[in-house]
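Here is the structure we will look at.
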Amino acid sequence: MKNIINTILSHFKDVKPTLKIESNDSNFKYELGVDSLDMAEFIARIEQEYRIEIPDEDWSQIASINLLAKYIANANQ
């Protein structure tokens with residue numbers, strides 16, 4: 001799981017280089033202020049990296065780095 005989180009953080013830094021993430025449980029939208037365009041780019045990078053498809057309706061389930069890591073881990077089983 002730690003490798004997944006490190007990869008997520010790397011992609012997130014590419015999309016929002018100035019954003020400081022203090023907790024992997026911080027909500028992308030409400031605590032970090034990530035807008036829908038940045039989120040779409042970020043999700044596209046994750047989908048390509050892990051060769052998965054994350055439907056739009058699942059975005060609310062992946063509101064933080066930890067939740068996204070769990071989603072990826074479950075998708076790759």
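Just so you know, all these numbers are worked out from the coordinates, no wet-lab data involved. Remember, it's a predicted structure, so these values are computed and weren't measured experimentally. Cβ placement follows ideal geometry from the backbone for every residue including glycine, while neighbour counts extend to all protein chains displayed.
Relative contact order for the chain: what is it in percent, counting Cα pairs under 8 Å that are at least 6 residues apart? Relative contact order, the chain: 43 percent. This ranking places Arg51, Arg45 by how few other beta-carbon atoms lie within 10 Å of each, fewest first, which gives Arg51, Arg45.
The chymotrypsin sites (Phe, Trp or Tyr not before Pro) of region 1-70 that DSSP puts in a loop, and whose beta carbon has at most 12 other beta carbons within 10 Å, are Tyr30.
Normalised Debye scattering of the chain at q = 0.25 Å⁻¹ gives log10 I(q)/I(0) of -1.41, counting only Cα atoms as equal scatterers and leaving out solvent.
Residues with amide H under 5 Å of Leu32's amide H, sequence separation 5 or more or different chain, H placed in the peptide plane at 1.01 Å from N; which? Placed amide hydrogens put Asn27 under 5 Å from Leu32. Here the spin labels are modelled as points 7 Å beyond Cα on the Cα-Cβ line, and at Ser60 and Leu9 they lie 3.0 nm apart.
Using Cα springs under 10 Å in a Gaussian network model of the chain, which residue among Glu53, Glu22, Glu31 shows the largest mean-square fluctuation? Fluctuation is largest for Glu22. Using the Cβ of Ala75 as centre and a radius below 11 Å, the other residues enclosed give a net charge of -1, where K and R count +1 and D and E count -1.
Using the Cβ of Ser64 as centre and a radius below 9 Å, the other residues enclosed give a net charge of -2, where K and R count +1 and D and E count -1. Sorted ascending by nearby beta carbons within 10 Å, beginning with the fewest, Leu68, Leu19, Leu32, Leu37 become Leu37, Leu19, Leu32, Leu68.
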